[in-house]
Amino acid sequence: MENTQINSEEIIYQIYPKSFLDTNHDGIGDLNGVIQRLDYIKELGVTAIWLNPIFTSPHVDNGYDISDYYTVDPQYGNMTLVARLIDEAHKRGLKILFDLVLNHTSSKHYWFQEALKGPDNPYRDYYIWKEEEEKEKLPNNWKSFFGGSVWEKESEIGAYYFHLFDKEMPDLNWQNEAVRKEMIKVAEFWLDKGIDGYRLDAFIHMEKAGGYPDARYADPGKLVSAEEFFANLPQVDDYLREFSARIRETYPNAYLLGEAASAVPERAVNYTFPKGKACDSIVSFKYFPMDEKKKDDRFPLESQEGKLNVTAFKQVMDEWQRKVGEVSEMTLYLNNHDMQRAVSRLGDPTEFREESAKTLAVVMYLQRGVPVMLNGEEIGMKNLELKRWENTRIERIHEVYATLLDRGISKEEARNYLSSISINASRGAMQWNDERFAGFSTVEPWSGVNQERMYNVAVQEVDPSSILTFYKRLIQVKKKALFTHGAYEMLVSKSPIMSYRRIYEDEQAIVLSNLSGEPQKSEIDLPLFSDQDAVLIVGEYSYDEGAIMLSPYASLVIKTTL
């Protein structure tokens with residue numbers, strides 16, 4: 001099959017397949033569900049789909065622990081459905097990106113099962129090992145992302161193997177050329193079937209510091225997160241560029257969207273410049289600085305994120321636009337499967353849910369860069385409300401809940417707090433209608449589901465003022481040359497207002513947004529404009545002594561001729 005080129009005019013729609021649409025009545029979304037909703041996706045206006053992993057997996061980490069890169073997990077479908085999905089998507093002008101996990105495999109993978117047979121097995125060096133030097137003493141004091149040590153003993157008398165994530169997700173040894181060739185082979189296998197590129201999971205961890213030294217700043221006997229020893233190290237660039245070069249020898253249009261969670265702008269440039277040599281764009285989790293002073297001291301402070309620090313957010317976006325946007329391609333996002341829903345985390349899910357959902361989209365997606373939207377954000381989905389306790393990845397959740405109630409916190413507040421820190425906060429079932437199980441399935445979804453009268457596709461599709469209708473309009477605006485190719489300039493504005501200018505040829509657009517729940521006055525000197533110049537309006541605005549007054553979470557986008 002022929003691969004189609006993805007460029008800066010694309011708008012990517014992330015689908016969490018497990019939570020999108022269940023068509024075989026097992027409570028788990030499937031590929032047939034994605035196929036059935038391709039017309040909806042096309043009508044939304046996006047141009048490419050990124051699917052979270054659909055490969056065979058024990059699902060210790062919801063599919064990011066892959067046991068076979070060449071087969072589809074039966075809970076999602078089979079190879080016939082993959083071929084149909086690719087074909088039907090391409091018929092509609094939609095591209096397909098798969099999620100490829102480069103850093104680790106499942107412990108059930110054939111390679112690791114062979115590696116466990118001993119040091120002489122040819123697959124042993126596919127993974128990272130360290131012999132026990134002192135009985136019951138770990139090789140170092142690095143902490144796993146999932147808690148505990150990054151080292152796990154293979155047996156009572158065996159060596160330790162390395163895992164940045166769960167102990168059932170051993171890290172691959174990218175120093176081994178055979179591993180690098182295997183991963184290129186995997187990538188080419190699916191590209192040959194017609195997909196258009198990949199989201200590269202956790203690629204920034206492919207190199208670890210030689211010798212695996214202790215983090216000297218740790219307290220004796222304590223484990224610490226020591227990312228400087230296993231994230232964004234220099235040789236990652238070499239591995240990434242080799243991977244990119246080999247793939248693009250045969251598939252020059254393949255698109256690579258990298259997950260670089262802890263990358264700063266300078267590192268992002270290395271990962272994306274020059275164009276076509278590494279990733280086309282990367283997602284960094286560094287976009288949203290939170291105000292630590294706005295935490296609620298009734299809840300455990302260490303697990304709260306506070307509220308968006310608008311001043312710092314403007315500084316961060318300005319820096320990324322100047323350092324990355326001017327030399328390569330930026331990624332623009334509000335949501336993904338590893339974060340809380342944006343309207344809950346960054347906006348106001350109670351009093352100004354519609355306004356904050358719309359304004360956050362305006363602020364982010366009309367900047368310079370490629371939008372990446374998570375399914376459900378186009379209808380303003382909020383954090384999943386927990387109705388059961390399993391699969392949350394919250395330690396001792398029953399004890400935490402009881403403690404909160406003992407402090408006098410209401411059951412609703414306690415559940416909202418626990419919902420916000422659950423790994424599944426953004427992974428609730430897609431809300432298609434207001435029927436039982438929100439039209440996702442005829443049975444209880446694996447994750448649970450929010451059933452809401454107004455925040456579902458069926459209701460919003462026919463409402464001209466809905467979030468969904470607004471997203472469709474916003475996406476069409478984003479596709480204009482002014483917003484895809486135009487220059488970017490952050491404008492000085494008093495927080496919590498954010499404003500910037502886009503300029504292309506003889507046109508300019510000014511984006512003015514109030515990121516707060518209070519009315520705000522903007523002192524920006526706007527050019528004279530008429531009602532016809534207003535491209536998008538959220539909430540209400542008015543003039544007050546030459547200044548613009550914006551209602552809570554209001555936005556104004558005007559376009560004028562230079």
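The values are calculated or read from the model by the stated rules, or taken from the named source; none is laboratory data. Values in this document were obtained by computation on a predicted structure and should not be read as measured data. Note: ideal-geometry Cβ built from the backbone for every residue, glycine included; neighbour counts use all protein chains shown. Heads up: the accessible areas ignore ligands, DNA and RNA and are worked out on the full protein's heavy atoms, side chains in. Shrake-Rupley method; radii C 1.70, N 1.55, O 1.52, S 1.80 Å.
Considering the Cα trace of the range 1-143, what is its radius of gyration and what is Dmax, both in angstroms?
Every Cα atom of the range 1-143 included, Rg and Dmax give 19.3, 62 Å.
So for the pair E114, E507, with labels modelled 7 Å out along Cα→Cβ, what separation do we get in nm?
5.6
Using +1 at the C-beta of Lys and Arg and -1 at the C-beta of Asp and Glu, which of N335, G546, F203 has the Cα lying farthest in the positive direction of the dipole of the chain?
Ranked along the dipole, the leading option is G546.
Taking K and R as +1 and D and E as -1, what net charge do the other residues with C-beta under 12 Å from the C-beta of T484 add up to? Walk me through the numbers on the way to the answer.
Values: positive: R368, K478, K479, K480, R502; negative: E9, E10, E329.
In short, +2.
Could you please put T56, T311, T331 in sequence from largest to smallest accessible area, using a 1.4 Å probe?
Working: T56 35, T311 80, T331 0 Å².
Order by accessible area, largest first: T311, T56, T331.
May I ask you to list the lysines whose Cα is less than 17 Å away from that of K480, ignoring any residue fewer than eight positions away on the same chain?
Cross-link targets: K472, K559.
Could you tell me which residue out of M79, A278, Q476 lies farthest along the dipole of the chain toward its positive end? Charges go on the beta carbon: Lys and Arg +1, Asp and Glu -1, centred on the Cα centre.
Q476
Check cross-link reach from K323 to the aspartates and glutamates: straight Cα distance under 16 Å, and skip same-chain residues fewer than eight apart.
Partners found: E266, D280, E489.
Remind me, relative contact order of the chain in percent, using alpha carbon pairs under 8 angstrom and six or more residues apart? Could you put the intermediate results ahead of the total?
Details: 1167 pairs, mean separation 68.8, N = 562.
Rounded, it is 12 percent for the chain.
Provide, in order from the shortest bin, the percent of all Cα-Cα pairs of the range 370-420 in each 10 Å bin, continuing until the bin that contains the maximum pair distance.
Final binned percentages: 21, 43, 22, 12, 2.
Nothing charged except the Cβ atoms of Lys and Arg (+1) and of Asp and Glu (-1): what's the magnitude of the dipole of the range 391-472 about its Cα centre? Round to the nearest 20 debye.
Details: 9 positive and 11 negative charges, 39 e Å.
Value, rounded to 20: 180 debye.
Give me the Kirkwood hydrodynamic radius of the range 68-222, using the inverse of the mean 1/r over all pairs of distinct Cα atoms, in Å to one decimal.
Working: mean 1/r = 0.0569 Å⁻¹.
This gives a value of 17.6 Å.
Which of the lysines could be linked to K382 by a straight reach, that is with a Cα gap under 18 Å, when you skip same-chain ones fewer than 8 residues away?
Counting by Cα, and skipping residues close in sequence, K382 has these lysines nearby: K18, K307, K358.
For the range 1-132, give the percent of accessible area contributed by carbon and sulfur heavy atoms, probe 1.4 Å, rounded to a whole number.
Of all accessible area on the range 1-132, carbon and sulfur atoms account for 46 percent.
I need two numbers for the range 266-326: Rg to one decimal and Dmax as a whole number, Cα atoms only, in Å.
Calculated on Cα positions, Rg and Dmax stand at 15.5, 49 Å.
Enter the accessible area of R241 (Å², nearest 10), with the probe set to 1.4 Å and all protein chains included.
80
How large is the accessible surface of R396 in square angstrom, using a 1.4 angstrom probe and rounding to the nearest 10?
Accessible area, nearest 10 Å²: 150 Å².
Considering only DSSP beta bridges where both residues belong to the chain, give the percentage that are antiparallel (nearest 5). Show your work: numbers first, answer last.
Details: 43 of 70 bridges.
Antiparallel bridges make up about 60 percent of those DSSP assigns within the chain.
Calculated from DSSP H runs of 4 or more alone, at -39500 (n - 2.57) each and per residue, what is the 222 nm mean residue ellipticity of the chain, nearest 500? Can you show the working numbers first?
Details: 15 runs with 142 residues, N = 562.
Result for the chain, helices only: -7500 deg cm²/dmol.
How much accessible surface area, in Å² rounded to 10, belongs to the heavy atoms of H398 with a 1.4 Å probe?
For H398, solvent-accessible area is about 120 Å².
Distance in nm between label sites at L562 and D291, each 7 Å beyond Cα in the beta-carbon direction?
Distance between label points: 3.5 nm.
If one computes the Cα centroid of the range 486-537 and of the range 442-473, what distance in Å separates the two points?
The range 486-537 and the range 442-473 have Cα centres spaced 29 Å from each other.
Which residue, chosen from Q113, Y123, G27, occupies the Cα position most advanced towards the positive end of the dipole of the chain, where the dipole is computed from +1 (Lys, Arg) and -1 (Asp, Glu) charges on Cβ about the Cα centre?
Farthest towards the positive pole: G27.
How large is the dipole of the range 1-140 about the Cα centre if only Lys and Arg carry +1 and Asp and Glu carry -1, each at its Cβ, rounded to the nearest 20 debye?
Numbers: 13 positive and 23 negative charges, 66 e Å.
In total the dipole reaches around 320 debye.
Rounding to the nearest 20 debye, state how big the charge dipole of the range 319-461 is about its Cα centre with +1 on each Lys and Arg Cβ and -1 on each Asp and Glu Cβ. Walk me through the numbers on the way to the answer.
Numbers: 18 positive and 22 negative charges, 51 e Å.
The dipole magnitude comes to about 240 debye.
Can you give the net charge of the other residues whose Cβ lies under 9 Å from the Cβ of L116, counting K and R as +1 and D and E as -1? List each step's numbers first, then the result.
Values: positive: K117, R124; negative: E114, E154.
For residues surrounding L116, the net value is 0.
Given a Förster distance of 45 Å, report the FRET efficiency between H398 and E134 from their Cβ-Cβ distance, rounded to the nearest 0.05. Don't skip to the end; give the middle numbers.
Numbers: r = 37 Å, r/R0 = 0.83.
The pair H398/E134 has a calculated efficiency of 0.75.
Working with all protein chains in place, sort L528, L346 by solvent-accessible area computed with a 1.4 Å probe, largest first. Present the calculation step by step, with values, prior to reporting the outcome.
On the way: L528 170, L346 10 Å².
Correct descending sequence by accessible area is L528, L346.
Quote to one decimal, in nm, the extra length available between K193 and R453 on full extension: 0.36 nm per residue of separation minus the C-alpha distance between them. Mind showing how you got there, number by number?
Working: separation 260, 0.36 × 260 = 93.60 nm, distance 4.06 nm.
The span from K193 to R453 would gain 89.5 nm if fully extended.
Run the Debye formula on the Cα coordinates of the range 457-524, all scatterers equal and no solvent, and tell me log10 I(q)/I(0) at q = 0.16, 0.26 1/Å.
Those come out to -0.74, -1.03, one per q.
Quote to one decimal, in nm, the extra length available between E156 and T71 on full extension: 0.36 nm per residue of separation minus the C-alpha distance between them. All intermediate terms of the calculation are to be shown ahead of the outcome.
On the way: separation 85, 0.36 × 85 = 30.60 nm, distance 3.31 nm.
Roughly 27.3 nm would be gained on extension.
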